[in-house]
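Have a look at the structure below before the remarks.
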Amino acid sequence: MRILIADTLAPEAAAYLGGQPDTEVTTRTGLAGDDLADALRAHDGVVIRSAVQVTGPVLVRCAAGDGWRLRAIARAGVGVDNIDLETATRLGIAVMNTASASTITTAEHAFALMIALARNIPWAHAAIASGGWDRSRFVGTELHGKTLGVVGLGRIGLTLARRALAFGMEVCAYDPFMNTPTALDGHVILLESVNELLARSDFVSLHVPKNESTAGMINAAAFDAARPGVRIINASRGGIIDEAALLAALADGRCGGAALDVFDPEPPPPECPLRNHPKVLTTPHLGASTTEAQEAVAVDACRAVVTYLRGEGIIGAVNTAGVSLDLSERQRAFVDLAGRMIALLQAAVSPQGLSRVRFVVRGEALAGGADSVARHALVELLRSHLDEPVSVINAALIAEQRHIETETVIGADHGEDRLAIEIEIEPDSEPRRVEGAIYADGLPRITSLDGYAMDMVPSGAMVLLTNTDEPGRIGLVGGVFGDAGVNIAEMVIGRKQAPAAGDTIAMMILKLDAAPTRELLEALRRGPGIVRVASVELGPA
Ligand code: NAD
């Protein structure tokens, strides 16, 4: 696969890609517009930072006509404002970021800000730098025994909380998306509201995304509710703290000090009163700025592209409409099974159109990743029907645009891991169903195909036959293969699980040592009592 590094990245990125046996890496920086589109077109994946503008027109030009290759864009870092996500999604291109690579670095920065606030470090340093030596002005406060309130207990919030516990702090948190009363083995208490958190915290650190619910969440009412003299740290996003409310709270002592790494806008205008406030410590968005994090984001972005292009999963995707597409090994095995199930169902039914697809997932290992497994399976199903490129990124959108209803059902009893896929060809037609499982030997099994019960490992060259269920059919089929000189490696006979009265059709699946020729398939079709013949070629199990 061909990967383009289109932005200035830590040298470890090219070194990582260069070390991959299946990867060809090119570095070209400074590309824009048509030049960028043409370069993207010739590569399977691209790694960028914030300087490269992957706009809608660039993507459209990249994907015009046949022969374009781009399937993945990885951003070394977090913000993806420089990528047109909607167009990328429509074209089935995965967009990934590397949010977790800066977790420790940012948590450490927030911690550094908290200690600096507690011990007045920047102001003491400034006093010495300007010739002074005033010790009494800078008496600080210990962190030990104080309460830290963490707003947003995600990756960075949790990492900060662990460090605060090690310093002997009490830690509480507010995160409406965590449904547990405590976190970190009961050491962090989760509170009902941000104001409750402010009321019991000596230090408050913000680690939330910026959205409608968090913009301005630390406002005048929050400072009214806060423990008097609360010190506040923001290394998340500018605008989470209402600036005017902060200035007022600093002025009357409701807030004892603030440490800000982020601003809205950035940089803040020269006249911004927070720039030079005696109780405000500032850093210029340095949260993720460490050598380790720069290396980590660059290498993580390259790893994300390679992993995705190899079909080994998807890490940090931002355009999957909320479905986490990271798969465990067990879930990946089921995705592989789903591909085999779909190939056999298509061969058995040869659907001309699809109106409804239903994935029924059972078992603990699958229940957690049901949507991911179903999304990957949907790709397999759509791929065989459509010319346009289908990926896990655009599969749901394509199904919607083509009015194919999709549904994922998790088996109520959970039970053992199993997967069933049902398709309806016409609206409200009788569903056609394939069922599969993976047993302890790790091999994929088809347990039922279009109503015929069986137990078979779907792999290699196979022929599916439906025939009247009468004596002599097996001999007849064996004779045709013998005449053609094709060895049958395995034969499975399936009978209807719930036959209707007078229904006497059976299904035979033959696994062969070599792919059948067209003549052989024609000879089978001419046999008496043979209703239908199809062939399928699958990879080794
Ligand atoms: P994350 O997604 O792992 O965690 C965010 C948490 O906030 C989640 O647990 C979520 O449930 C919670 N949350 C969402 N809405 C909330 C609300 N209204 N109230 C309380 N909690 C809420 O993200 P992360 O990687 O921990 O990053 C946190 C923030 O830090 C993000 O805004 C990110 O952009 C920012 N960040 C800043 C820097 C920097 O350089 N200063 C570096 C990295 C990340």
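Conditions tested, residue by residue: (1) of a type in the set (Phe, Trp, Tyr); (2) surrounded by fewer than 22 Cβ atoms within 10 Å (Cβ to Cβ); (3) more than 9 Å from the ligand (Cβ to nearest atom).
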{"residue": "LEU148", "(1), (2), (3)": "no, no, yes"}
{"residue": "VAL151", "(1), (2), (3)": "no, no, no"}
{"residue": "ALA164", "(1), (2), (3)": "no, no, yes"}
{"residue": "PRO181", "(1), (2), (3)": "no, yes, yes"}
{"residue": "LEU206", "(1), (2), (3)": "no, no, no"}
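Among the residues of segment 17-50, how many are exposed (fewer than 15 other Cβ atoms within 10 Å of the Cβ), part of a strand (DSSP E or B) and touching a helix residue (DSSP H, G or I) at 6+ places or on another chain (Cβ under 7 Å)? Number of matching residues: 0.
Whenever a residue of segment 255-279 is open to solvent by 70 Å² or more (accessible area, probe 1.4 Å), its partners that are away from the ligand (no atom under 16 Å from the Cβ), lying with C-beta atoms within less than 6 angstrom and at least six residues away or across chains, give the pairs LYS279/LEU250; LYS279/GLY257. Please enumerate the residues belonging to segment 349-369 that are crowded, with 22+ Cβ neighbours inside 10 Å and assigned to a helix (DSSP H, G or I). LEU366 - this is the single residue of segment 349-369 that is crowded, with 22+ Cβ neighbours inside 10 Å and assigned to a helix (DSSP H, G or I).
Screening segment 281-321 for residues that are closer than 22 Å to LEU419 by Cα and without any contact (Cβ under 8 Å) to a residue 60 or more places away in the chain and picking the one that is farthest from the ligand (Cβ to nearest atom) gives GLY311. In segment 98-112, is there at least one residue being outside any helix (DSSP H, G or I), within 24 Å of ILE48 (Cα to Cα) and touching a helix residue (DSSP H, G or I) at 6+ places or on another chain (Cβ under 8 Å)? Yes, segment 98-112 contains a residue that is outside any helix (DSSP H, G or I), within 24 Å of ILE48 (Cα to Cα) and touching a helix residue (DSSP H, G or I) at 6+ places or on another chain (Cβ under 8 Å). With the requirement that a residue be among the charged types (D, E, K, R), part of a loop (DSSP other than H, G, I, E, B) and open to solvent by less than 60 Å² (accessible area, probe 1.4 Å), what does segment 60-92 give you? The answer is ASP84, and nothing else. Taking segment 455-483 as the range and being open to solvent by 20 Å² or more (accessible area, probe 1.4 Å) and hydrophobic (A, V, I, L, M, F, W, C) as the test, the residues that pass are VAL457, ILE474, LEU476, VAL480. Kindly indicate whether any position in segment 370-386 is over 30 Å from LEU91 (Cβ atoms) and not assigned by TED's automatic domain parsing to the domain that holds GLY539. Within segment 370-386 (the criterion being over 30 Å from LEU91 (Cβ atoms) and not assigned by TED's automatic domain parsing to the domain that holds GLY539), the answer is no, since none of the residues qualifies. Of the residues in segment 196-204, at least one is in contact (Cβ under 8 Å) with a residue 12 or more places away in the chain and within 10 Å of the ligand (Cβ to nearest atom). Considering ALA317, ALA321, ALA298, the condition of being of a type in the set (A, V, I, L, M, F, W, C), within 26 Å of the chain's Cα centre (by Cα) and surrounded by fewer than 17 Cβ atoms within 10 Å (Cβ to Cβ) is satisfied by ALA321 alone. For VAL95, state whether it is more than 14 Å from the ligand (Cβ to nearest atom), within 30 Å of LEU40 (Cβ to Cβ) and part of a helix (DSSP H, G or I). Here the answer is no, as VAL95 does not meet what is asked.
The values are calculated or read from the model by the stated rules, or taken from the named source; none is laboratory data. These numbers come from a predicted model, not from an experiment. So basically every Cβ, Gly included, is an ideal-geometry build from the backbone, and we count neighbours across all protein chains shown. Please note that ligands, DNA and RNA were not included when accessible areas were found on the heavy atoms of the full protein model with its side chains. Shrake-Rupley method; radii C 1.70, N 1.55, O 1.52, S 1.80 Å.
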